[in-house]
Every structure is written in structure tokens, then in C-alpha cells.
1. For the protein assembly as shown, report the translational diffusion coefficient in µm²/s to the nearest whole number, using Stokes-Einstein at 4 °C, 1.567 mPa s, and a Kirkwood Rh over Cα pairs.
2. Would you kindly work out the equivalent ellipsoid of region A:221-264 from its C-alpha gyration tensor and give its semi-axes, the square roots of five times the eigenvalues, largest first in whole Å?
3. Rounded to the nearest 500, what is the protein assembly as shown's calculated 222 nm mean residue ellipticity when only DSSP H runs of at least 4 contribute -39500 (n - 2.57) each, over all residues?
4. Over region A:74-121, what number does the Rg to Rh ratio reach, with both radii from the alpha-carbon atoms and Rh per Kirkwood?
5. Peptide C:120-131: average number of partner chain Cβ atoms within 10 Å per residue?
6. When each pair of different Cα atoms in region C:56-265 is counted once in the 1/r mean, what is the Kirkwood radius in angstroms, to one decimal?
7. Angle between the Cα long axis of helix C:54-64 and the longest principal axis of chain C, 0 to 90 degrees, nearest 10?
8. In the calculated pair distance distribution of region C:167-266, what percentage of Cα-Cα distances lie above 18 Å?
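Here, each number is a calculation from the coordinates, and none is a lab measurement. Quick caveat, the model's predicted, so the values are computed rather than measured. Cβ placement follows ideal geometry from the backbone for every residue including glycine, while neighbour counts extend to all protein chains displayed.
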Amino acid sequence: MSTDVTIPSGIITQQSADRARVIRDNVWRAAVLVALVLLWALLSTMSDLVASPADSLNALAERFADGSIYRHLNATLQAVVIGFLIAAAVGFPLGYAIGRSKFLGAVFDPLVAGAFAIPRVIFFPILLQIFGVGVGAQSAMAALAAVFPIMVSTTAGVRAINPLLPKLARSLSLSPLQTVTKIYIPAMAPSLMVGIRIGFSIAFINVIIAEFFAARAGLGLLALRAYGMLDLPTMYGIIVLLAAIALAGNLVLWAIERRLGNKL
Amino acid sequence: MSQIFPIDTVGHDSDVVFDNIGMTFGTKTGVTQAVANVSGVIPEGKFVSVIGPSGCGKSTLLDMVGGLLKPTKGTVSINGETVTGPRRDTAMVFQEDSTLHWRTVLDNVAFGLEVKGVPKADRYESARRMIELVGLSGFEDHRPGQLSGGMKQRVAIARALAMEPRVLLMDEPFGALDQQTRQFIGRELLRIWEKTRNRVLFITHDIQEAVYLSDEVWVMSARPSVVKEVVTIDLPRPRPEGTHTLPRFRELEDHLWELVKVEAEKTLGPGARLA
Amino acid sequence: MKVIEKSPTVQERRKAALVPRASLVRWAIIVAIVAVLEFTTRTGMVSQSLMVPPSEILIRLAEIVPTDRFGQDVARTLTTILVSFTIGLVLGVPLGIFLWRVPAAGRILEPFIVTGYAMPTLLFYPVLLAVMGLNAGPIIVIAASMSLIPIALTTMVALNAIKPILHKLANSVSASPRQYYLKVLFPAATPLIFPGVKLGFIYAVIGTVAMEFILASQGVGFRAGFYYRELNTADMWAYIAVVIVLSVLVNGVLTWLEKRIRRDML
């Protein structure tokens, strides 16, 4: 009832109200973060198995200072990026094709859903035999893990497109390329971004899992080694670093998503 | 041909009485007065329609009788009691599809009674009666997903009627239906109403529908709204097919059209044209 | 008055014709893949240390399946999955309801939830191991935390998607809050929540098998990793096959359930 009251001055107040809300939310988020760190500190005083936040951050800083972490950081990030790019290069076109064609959808939907449900990490030994222990196997693992979520969200995105849009494209006699670039991709942008975000997350997790199983370098391997040597501060330091990478990656993708969302 | 405002606000005890009600909404930008001052009576056994430009607070008026909104000024009373919340003796039908898609038609119609705590056998019995009344016999075990839009609205009407309300509140119940279905189900509603004779408060923006169905049509002004005029529809009942073609029907329709047009132009700005 | 049911549209009929043909093609693809694997492994185009012929996998399976150890492994894995999923469901739905009732909490916690989603939770395994011991406990905690997030998020989205008119309807018939939740809100949200529940179950499967694979001493996931280290390719593949069949079965059952639950939502 109050929604149909939009006068120009109202829009301005609305904007400043939104900005105030964003600031308030961020203050709250900072508070939650502080609370989590305090909880961690509290747990560390209660248990020998939990290193204190200060010790952990120090241990992490040391690893950065002596440069020993870069090899591992590089290996992990490389595997995530390469794996994700392969997954995207395969997943988007296939997901698109399955979404566009009713027949392909009927054929492949159950296959993709079935493959999605399989714990892909079970194939890691085979990847190890093909690629040998190293970044290659980790990248392949990430690609294998991320490709199905990317396909699924792309397919869902194509199917959710307003059926009038393809009609519009035909009525304007757009070329197939124009139809894809001017109609489909912009209309699908939100679900493409969801696919990218999930794909990134899953690639990241699977690289770390794979590094736990067998690797020459990588943050997962480093954490496992630290644990093996009962160097708990380093292990927790790496967990913090991984959380920071996960957060940073998601924030960047989120910012892109917002920008796209505002434009559309 | 019509009674000019102010009208007699002293009703009988059993009537629905609007006593100088007003409604003001607080919004982000300040305060909006949706309803300025409305007084009126829905007498026993009467079918009253409310028409007016969009956004004039027709639905607000209805929600206040249903107890979903409290007027910021004045009172609505039914049977001499002030309405303070949803009452057992009012029932509502909405414009949107409000059927519960996981329930069968029978269980949908029985829903209101179920919530009231009526025992199963009793509520099914009245639900079946109402289903027959609205012409859905044989569809008791269907689910809303298998029904057309018009049939779903009939389910909603049956659900409301099953509660045996003193006042039936209908908020553009046929607004989402196509023109043919709309006319058909309008005739059906009238047929049903001739049997039940509840009080009906019917919101619509279709003037022809209002004339065809009602005993009285209240024309509301643009915001902040008042009842600008109450037009008594003195067409004889029952109203068979062809009522639309009576000269008197046309007269009433034209008169209402003039009244609404003036108000709509106020809302839409000068020079606004109505389709 | 007679109301005639709408006959199925042309499109629906065409779709009905599409399905058997599509499943024929799908099975053809699966058979072709198996045939290619059989051929390439038999002829030595693919080394037998990488993969054994599917027929041999079947023979190995026939030997493995009747053993006690297989029964124990499967029982262990299934119990872990079920317990993890149950915990995910029992915690995830109320969390989703909370995020829906308090939208500000949803907004504020979103970055944390999303980060948690991308966190390799298995890193906490050593700690959990020390606290809970070498049993199913640590795996359950990790798999449950993976299962919980999609359930909570979908519950929130589903509740947000419920038509406001249903709230109005419940109000207009003076339904009590309890009646509103039990008779309107939950039944309306269930079909929308179910995809999240399905995902939660799949994540419980993935989490359980992945954790077993890397860290456990029992379970079908563990066996696959174990035979890799033993360089026993045939048995490794037999257990991979078990995992694939298990996951596909689980997915099939959930898809069937989903169709049933969403059926009346046309």
C-alpha cells in the first residue's frame, strides 16, 4: 500500500537510508568477526589442541617473512585458477547447449545430475596416475569437481530466460551470435555468476582435499605437514589464510555480480 | 436516480457500519492519507460494490472490515461490535489465487472451518454442500494445479461461504480472470448469492460487473478518498441474462462511468485518457 | 454446469514422446562409454595399471560384495551419511527459518556463510580427530556442516518466496500462529525446500566419502584410496564403481521423491 508512494525526494531519502543500512550491516559483520576471534581465543585457553589467534597469525607471518610459504601458495592458487578455467571453458558451453535444446536436456539432465552426486574426489587416484603427483593432477581435480556445478547453474540459467526474449531476437532478426551476446548472456548473467561463485568454491575445496591426499606443494600439504609435526600455530595460521582466500575470492565475485546486477 | 452523500449512517444493529473511518499510512517519506473519511452502512441481505480509481483505498476499506487493518480514525462495526481483528463472521475472497496447492478441493474448501476447529465430518459435509453450490461437484479430490483460474476462484468462494459469514468480503475476486470467464462466474456468483443472501462487500474496477451484481454501488473519490456518491441499483432481481441490455442498466452504467472518470483524471493527471 | 478438463497441449504430448527417445540415447551413450573402456583396456591402449576392463570390475565386485568386510564398509558409510544428513536437516531448517524471520541476520551473515561454503572444512579434521577419536565422529561433523548450508539457504529462500496472499488468507480466517506454520507455511514451503534438502543429502554423501577417502580407516571411500596405495587397480575400481552406483542410486531416489513432492505444485 505504501509502495505506490514514490516521489522524487523519497528516492533520495531511500538511497541515504540504504547507505546507512550498508554501513550498519558492515559494523555488525565486523562485530561477528570479532566475536568469532574472541571465541577462538577462549577455546585456545581451554584446550591444548587449539593454538591462540596471536600465535597462529605470528606463525603465518613468519612463513611469509622467510618466504617458505610462497611455493605452496602458488601451487594451490595455480591449481584453483587452471582447474576453474578448464571447468568454465567446458561447463558453460555444455550447460548452455543442454539448456537450449529440449532433446539434449532430456538426454543429459539425469547424467549430469548423477555425476553431480558422485564424490569426484574418488577419481583423484586416476588423475594422479595420468598427471603424476603435482599441480597438473590438482588442476584436473579442481576442473572435474567444478565443471558439474557450473553446468547445472548455466542450464538452469538458460531455462529461466523469459521465453519472450528469444522471440524478440527473432523478430529483430538478430544473428545467432548477436542473440547469444546481446540477449542470452546478459539475461543469464546472474545465474552465470552463481555458477562461477560455486565453481570457484568447489575448485578451491577440492584442490585442498587433493593436496591432503598427495601433493608436492600446496597449502593443504603444508597444513598436513604442520599437523604432523604438531606445529599447531602454523596449521591454524594456514586455516586463517584459506578462509581469507575464500572470503576474498567470493567478495571479488560478489562485487562483479552487484555491478552486473545494477547495470541490468 | 441516486442518493447523494451524506447518507444515513444510522444502521440497524446487525448491519455493517462504517463510522467516519480514515486511514493514514506512515511511509518513509512521511504520511499518506489513503482514506479520508468514509461513512456508510451495508444493510442485511444487500450486495454492495465499491468502485473508484486505482489506489483510492478500496482494498483498504475491505481489509478494515475483515479486521486485517485497523482504521486510524473512526470505527467499523458489525452487529454492533467494533471490529478489532479478523472475526469469525467475516470471510474474504482475494483477487490473487489463494488456494492451497497441496490440498484437494475438498480440503481447501474446508480449510476455514478446519482452522475454526469444526470436526472433520461436519466440515466435510458443509464443504461438499458449498462445492455443489459453486458447481464444482466431481472435483472434490482434484488439486488446484489441475483447475483453471476461474475454478480456483470458485474454490476460494466456496471456502469463504462454507464459513457461513455474516459478511462476505470480495477484493476484485474476478480481476485476474479473462473477460468471458469473468462474466460467467459473475452470473454464477449472483445465482449463489440469491440462495445465501449474505451481505457482500465487493471491490471491483469493472463498472458493468458492479451494476450487474449490486444493490448499491459506492463510488470512491481519488486519494484521500471519501465515498463520493452512493448509487442505488434499482434493477429488479433476479437478473437474468440480457439484463445488460436493459436501458436502465445502460443509464446506471453511464452515470457511474462519468463519476469514475472525473476521479480517475484527478489521479492520472489532466488529459489522462481511459482505455 | 459442466467444466471440461483441459486436454494435454500439443507441447505436452511432444514432450511425452521426447522422453523415451531421450532415455534410449542416454543408455546408448552409457553403453558406448563402457564398451570403449572395455575395448581400450583389453587392447592395452589404456594401461591396466590405470584402469581394468569393466567386465573385470564386475567380476571383482561379485567377489567383494558377499564379504563381511564389504558389508561393514557399506554399513559404516551409509550410517555416517544418514547421521550427517539428519544433523544437517535438524540444524539447517531452523537456521533457515531464523535467517528468514530476521532478514538483517541473513544479510549480515551472508559473507560468513558463503566463506564457510568455500572453506575446506576437512582442515579441522585433525582437531576433531584429537577431540573425538578415530571414529565416525569427525567425519560426521564435517559432512553435517557441508549438508547444513544448502538446506538452510534454500529454506530461507523458500520461505521468502511464499506468496503474501497465503499469509493474508491465514489471517482472514483467524488462524493461530501454530496453525499458520503447520497448515500453511510448511506445506507451502516444502516443495521449494526440497531441492535444498536433496542437495544437502548429496553433500552429506560427498562429504562422507571424501573424508573416508582421505582420512578414515573404514568405509567404501576409504577402500578406494586404500587400494590405490596398495597399487591394486582392480579393487580400487571396484570400490569406485560402488561409490558411483551408490551416488547415482541416492540421486535417483531423491529425484523421484522430488517429483512426487512437487507434483501438486503444477
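1. Working: Rh = 31.1 Å.
Taking Rh from Cα pairs, D becomes 42 µm²/s.
2. Working from the Cα gyration tensor, I get semi-axes of 36, 7, 4 Å.
3. Working: 28 runs with 510 residues, N = 805.
Mean residue ellipticity, 222 nm, calculated: -21500 deg cm²/dmol.
4. We get a ratio of 1.11 for region A:74-121.
5. That works out to 6 on average.
6. 19.0 Å
7. The angle comes out at about 90 degrees.
8. 62 percent
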